[in-house]
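Reviewing the structure listed below.
The values are calculated or read from the model by the stated rules, or taken from the named source; none is laboratory data. If you're wondering where the values come from, they're calculated on a predicted model, not measured in any experiment. Cβ sites come from the backbone with ideal geometry, for glycine too, and all protein chains shown count toward neighbours. All accessible areas refer to the heavy atoms of the entire protein, side chains included, with ligands and DNA or RNA removed. Shrake-Rupley method; radii C 1.70, N 1.55, O 1.52, S 1.80 Å.
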Amino acid sequence: MTPAELAKQVRLLEITTRHSVTEVFAGEYSSAFKGRGIEFSEVREYQPGDDVRTIDWNVTARTGRPFVKRYTEERELTVLLAVDLSASGDFSTQRLAKRELAVRASAVLAFAASRQGDRVGLVLFTDEIELYCPPKKGLRHTLRLIRDMLAFEPRRRATSIRVACEHIARVAKRRAVVFMVSDFLIPSAASTAYDALSAITPRHDVIAVRIEDPRDLELPRAGIVDAQDPETGRTRTIDTSSAAVRAAYARLAHERRSGGADAIRRAGADEVALSTDREYVHDLVELFHARERRR
């Protein structure tokens, strides 16, 4: 892709997502995420009715009188987009490939955060960290992140959620809203890869954004086909005309998906599933509404 072609794609994506951000997301993003963090404000003397759990024991010991810590809500958030660039994202049977859907959804989230004055950062990963852009404010920075998502060519093909989580744990010193954008096609739903999420959820607000294609869950009846795993290169011949084969594929796929969703919940993260065969903005808005209802 030439620089001119890339600039055109960035501009097109900015235009097509602007309506979603200004019209559909108006107020939704802020209601779902603002005010969820707190930051230290001051220490003042204890007053009857104060929560004893906020007592600052160091100051109390020095002065001989009880003092409490006061906090204020964070009005400015740090948003981290962790986007999976493994080879399975190139798969599609619809208008969009999974990677294209991941980029579009991430762009909407980035623009929504930027519009609210929040800092936005980017982690592109496979089974290693491919690119890290520290969080910053501003439209120019947001456009740079979108350009990176569109143009970056990963060195590796496999997936490691754990690598992404370990990197986030190292670089994100302040509380952040982390969108983990991936198809989560890992070897097993019970894989310890999901455990990595539980290492960052105590400190950060984590949302797993699952990117799907309908064929991830069900096979079409297309006769005998050679199917290749894009991440390992292994090929297997499958008789899709067999109802038993299609049923077994669907059962295993749904078990993997259900097991992954359970593991994400146990880790303390939220989840939203976006599919290449339907409008993704509606699903994101539903996520925001669900979070607001819980508040």
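Of note:
- With DNA, RNA and ligands ignored, accessible area of residue 161 (1.4 Å probe; Å², nearest 10): 0
- Annotation: lysines with alpha-carbon distance below 24 angstrom to residue 98 (same-chain offsets under eight excluded): 8.
- Farthest positive-ward along the chain dipole, Cα basis, beta-carbon charges - from 96, 49, 227: 49
- Accessible-area order (highest first, 1.4 angstrom probe) of the listed residues 132, 29: 132, 29
- Pairs of Cα atoms in region 106-193 fall into 10 Å distance bins, from 0 up to the last occupied one, in shares of 15, 47, 31, 6, 0 percent.
- Rh (Kirkwood; distinct C-alpha pairs) - region 166-253, Å: 15.7
- Subtracting the Cα-Cα distance of residue 61 and residue 229 from 0.36 nm times their residue separation leaves 54.2 nm of extension gain.
- Crossing angle, helix 243-266 versus the chain [Cα axis fit, 0-90 degrees, rounded to tens]: 10
- Residue 69/residue 169 FRET efficiency (R0 30 Å; Cβ-Cβ; nearest 0.05): 0.75
- C-alpha long axis of helix 98-115 to longest principal axis of the chain, angle in °: 20
- Mean projection area, nm², convex hull over Cα of the chain: 18.2
- Note on exposure: 52, 285 ranked by accessible area (1.4 Å probe, complete protein assembly) read 52, 285, with the most exposed listed first.
- Note that region 160-294 presents 50 Å² accessible area per residue, ligands and nucleic acids not counted, probe 1.4 Å.
- Surface calculation, 1.4 Å probe, protein heavy atoms: residue 10 sits at approximately 20 Å² accessible.
- Nearest-ten-degree value, helix 280-294 long axis tilted from longest Cα axis of the chain: 30
- Volume per residue that the Cα convex hull of region 49-185 spans, once the total is divided by residue count, Å³: 152
- Residue-wise HN-Hα couplings along region 158-175, as the Karplus relation 6.51 cos²θ - 1.76 cosθ + 1.60 with θ = phi - 60° gives them from phi, are 8, 10, 9, 5, 4, 4, 5, 5, 5, 5, 4, 4, 7, 9, 8, 7, 9, 4 Hz; Gly and Pro carry x.
- DSSP-defined antiparallel bridges as percent of all bridges, the chain, nearest 5: 45
- Cα centroid of region 80-114 to Cα centroid of region 211-252, whole Å: 23
- Net length available on complete extension from residue 238 to residue 76 is 53.2 nm, with 0.36 nm assigned per residue and the Cα-Cα distance removed.
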